[in-house]
Structure formats: structure tokens, C-alpha cells
Amino acid sequence: MSVLGIELRRSAAAGAALIALVVGVAALYTAPGRWSEGWMALALATKEYMILLWPIALAAGAWQGRREHRAKVGELFATTPRSRARRMLPVLVAMGASLGLAFLLVMGAAGLRIVSTAAYFPPSFVAITLVGAFSLVAAAWLGLGIGRLLPALVTAPVLAVAGVLLVFFTAIMRPDWMAAILSPAYGSTPFYPFQTIDPRVTAVLAIFMGGLALTGVLLIVARGPRTSVAAALPVLLGFGVAAVIVPRDEASLVAPIDPVARELVCTDDAPKVCVTRVHANVLDALTPLVRQGLAVLAKMPDAPTQAHEDTRAWFTGDAPARDPDVVTITVRIDDHGGLAHPDAVVPEMVFGLGAGYGNSECERNGAVERAAAYHLLGREPVSDVGVIPEMIEEEPQLNAEAVALWQGLQKLPAPEALSRVTAVRDAILTCQDPTGLLSK
């Protein structure tokens, strides 16, 4: 323990861990909205930032690995009866433990922000976190081995750049199953709030990183060229075992679904409002707004009587059947884990006129739909920019056309105007072009 303590104080372990901790926390807190939805969102965001953390661990290991060469004590240590493996053990433990702990502290620092708002804790979060920490251990040990083998001053910075490129390009390489094995950042791109990482993908990454770690250990204790060449066997074996286990289907590799996180949590009273389990913490804040939207839609005949959060996994083409009694809503989470853009909830519900799941292949007319929606809302149409959060620009004439159509509706008797608005809703439901339905 005294030797380990000396290594922790005098080696690059503490400095590397501090750099990784600062970089990781700074990267996460630069954009907290990317992971404020919950624990799995945090896990995905941290996996993405492996493009920074993994090269740091690799370069730190390489810098530490050239210590004997830098101090010119290699021949002196070779004359001692203590084996090289025993001499290197404290270095391996210090570097690995420090960087692994740094990763856990990064997760903990971010977790403190969402612990009071995250409604769902997926068990796979623990495995993803532990494998992420182990990935930094593997990078540090591999860097130690490479640094000892190539003890040049430029080795560490070159490895840092190479590590960034390696993590990035292996994450986007094809086929996907190979990317899942090779890259600690694979699967981190978020597509929907109930996304997860398949347990087999987490397992194969752990196996491959184990091979990398063992290769690094063999490189740092190698006594000759043959041993150094043989050090490549663990990483090749790890890749081979991982290739047997890794799933090949796209549903498991590309944005897989957590069915528990996708389950609906609903209000006990009517009209029923439901959100996915991962967003259950905003149900109370969302419910009165959604019920206002339902009341507006109730002006039309056969209007929906309940609202459910959109549970489509559009990336995989997975979508529940549309229910005409249900209007689907989008739930957005702010940087602090609460409901974001509450002012957009009612207009966004009414803009779709309660049609539920849309069809991107259907003929749509934004001006007609906007005029009909604002007639139900009882006010003149305005631009979607500033109303719908994702809307940043639109054609200038679109809202002008909607205003003209809305003014035409205001001149009609109320039953006739409502009949035309209902016809627009029915056209959307049946995937027909609503153009001309308000001006006929």
C-alpha cells in the first residue's frame, strides 16, 4: 500500500484523473438539456463524450509509460531480483483506479442534478456506467504499454489525436455490429427518450476492452520483441469472442427500445392524460395544459377524449396503431428536468386538430391547418416561429395565407365555420389534401 500511495502521489495518475474529471463534468454541464430527461439520457451523453475521455486516458498512460526511459533507470531496475510484473503492478493499479474513479465521479456529479427529477432508473444504467469506467482503465493500460514500447516525447500527444479519431470513426463504421464492439461511444446518439443500450452491446464492449487492457499489461511487462508481438493476442481474442456474442439485428444495435421506459403512466381521473414512464415527473405540470387542449378540440364532433405522449420509435419504424379517441402529444424536458415550453402544449395539440399520428407521405397544407386550428383557439393565426420550439424559419407567405383563410372563417356563421374546420380534420385523418376546404 505504501508503494501504491507513492505511485498515486508521484505518477501521472492523479493529474490524469483530475483532467478527465474536469473535462467530463465541463462537457456534460455545457449542455445539460441533452441529459436532463433522466438516467439513460445521462448514460448516452457520457458515452458520446468518450471521444474526449478515452483519448485522455490513453495519452496519460503513454506519458506514464515512458517514465523509466525518461529517468534512464531501465537497466538499473533490470538488475533487481523483483520481477517487472511486480514492479509495474502499483503503476497499473494507480492509473487504472484513478481514471476509473474519475469516470464514476463524472457520472455522480451529473447525477446530482437529475436525482430529484428523474422518474425512472433503468437497471442497465449501472452496467453501462461500470463498463464506461472500465473502458478508461483499458485505455490507460494500453497507453502504458505503448508508452513503454515507444518512449518518445511525441507518443502521448500522437496517441491523444489517434484516440479521438479512433473513437469517432469506429463509432460510425459499418457494419454496426463491428462498431458496437470497437467504439466506447457507439449507440450514444439519442433519437427518443425511451432509448437504451442493448445489454449484449454493453457486454461485447466490456469483452473487447478487457482484451485491450490485457494487451496493455503484456506490453508493459514484455521482456523482448516476441513477447511484445504476442501481446496482440488478447485483443484479437477479445474481438473474436465479442464478434460471436454481438447482436446483428438493427433493432438491437441502432437505438433499441426500453419497453419499461416506454410504458404509459396516466392520470386517475378523466380526461385521461398519459406520458411515458421516463417523463412521469412532469405529468402533474402537463395535465392541466393538455386538458385545455382537449377542451378546444372538443368543439368538433367526435373529438379525442384523451391524450397520450408520442411513443413512436420512428427510427426503427415501430409505431402503435392510431386511435381516433387519442391525440398524441410531444413532451419536452428543460435543462432542470421539468416541463419545457409549456406555452406550446395547447397550440401544438390543436395544430394537428387531434388527428393523432401523422403520415409524412400525406398531402398537407400548413396554411389551411393553421387557419383551422386558430379558429378553434379563437384568435388570429401567428407565425409558428416562437410557438413551436423546433420552428426556426418558415415561408413568409404561409402565415399571410393562413390569416386570409381565418378571416374568411370569421365571416361565416359559426356552425358553417366549424363544419369546414371539421372537414379539414377529417381530411387529415384520411390522408387527403385539405386545400380548398376552408374557402369552398
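The values are calculated or read from the model by the stated rules, or taken from the named source; none is laboratory data. Keep in mind the model is a prediction, meaning the values are calculated, not measured. So basically every Cβ, Gly included, is an ideal-geometry build from the backbone, and we count neighbours across all protein chains shown. Ligands, DNA and RNA are excluded from the accessible area calculation, which covers all protein heavy atoms including side chains. Shrake-Rupley method; radii C 1.70, N 1.55, O 1.52, S 1.80 Å.
Per-peptide packing, taken as the mean over residues of other Cβ atoms within 10 Å, places 240-246, 343-349 in the sequence 343-349, 240-246 from highest down. Within the set of other residues whose C-beta is less than 12 Å from the C-beta of His336, count the net charge using Lys and Arg as +1 and Asp and Glu as -1. So the surrounding residues net to -2. Protection proxy ranking, highest mean first, for peptides 207-218, 228-239: 207-218, 228-239, where packing is the per-residue count of other beta-carbon atoms within 10 Å, averaged.
Under DSSP H, which helices of the chain have Cα atoms covering 30 Å or more of the helix axis and a Kyte-Doolittle average no less than 1.0?
84-114, 124-149, 199-221
Accessible area per residue (1.4 Å probe, heavy atoms of protein chains only) ranks Lys411, Lys47, Lys299 as Lys411, Lys299, Lys47, with the largest value leading. If the segment from Ala251 to Gln397 were pulled out straight at 0.36 nm per residue, it would be longer than the present Cα-Cα gap by 48.4 nm.
Ligands, DNA and RNA left out, the accessible area of the chain computed with a 1.4 Å probe is 64% carbon and sulfur.
Figure legend: label point modelled 7 angstrom from the Cα of Ala270 along Cα→Cβ; residues of region 280-309 with amide N under 18 Å from it are 288, 290-308. Close Lys pairs in the chain, defined as Cα atoms under 26 Å apart and 8 or more places apart or on different chains, number 4.
Straightening the chain between Tyr29 and Leu104 buys 25.4 nm, computed as 0.36 nm per residue apart minus the Cα-Cα spacing.
Given a 1.4 angstrom probe, what's the average accessible area per residue across the chain, in square angstrom?
Value for the chain: 46 Å² per residue.
Each Cα pair under 8 Å and six or more residues apart adds its sequence gap; the mean of these over the residue count of region 125-218 is a relative contact order of 46 percent.
Helices in the chain, meaning DSSP H runs of at least 4 residues, each add -39500 (n - 2.57). Divided by all residues, the mean residue ellipticity at 222 nm is -19000 deg cm²/dmol. In terms of accessible area, using a 1.4 Å probe and ignoring ligands and nucleic acids, Arg66, Arg223, Arg291 rank largest first as Arg223, Arg291, Arg66. Modelled spin labels at Asp334 and Val22, positioned 7 Å past Cα toward Cβ, are 3.2 nm from each other. Remark: relative contact order (the chain) = 14 percent; criterion is Cα-Cα distance under 8 angstrom and separation of 6 or more residues. For region 122-224, pairs of C-alpha atoms spaced more than 20 angstrom apart make up 44 percent of the total.
Packing here is the average count of other Cβ atoms within 10 Å per residue, and on that basis the peptides 264-271, 133-140, highest first, run 133-140, 264-271. Amide H contacts under 5 Å for Ile329: His308, Glu309, Asp310, restricted to partners 5 or more places along the chain or on a different chain, H placed in the peptide plane at 1.01 Å from N.
Take the chain, connect every pair of alpha-carbon atoms lying under 10 Å apart with a spring to form a Gaussian network, then pick out the residue of Gly293, Gly408, Gly145 with the largest mean-square fluctuation. Residue with maximal mean-square fluctuation among Gly293, Gly408, Gly145: Gly408.
With the gyration tensor restricted to C-alpha atoms of region 238-334, the semi-axes of the equivalent ellipsoid amount to 36, 15, 9 Å, longest first. Ellipsoid semi-axes for region 137-286, based on the Cα gyration tensor and the rule √(5λ), read 43, 16, 12 Å when sorted largest first. The calculated FRET efficiency for the pair Phe168 and Val260, based on their C-beta separation and a Förster distance of 22 Å, comes to about 0.10.
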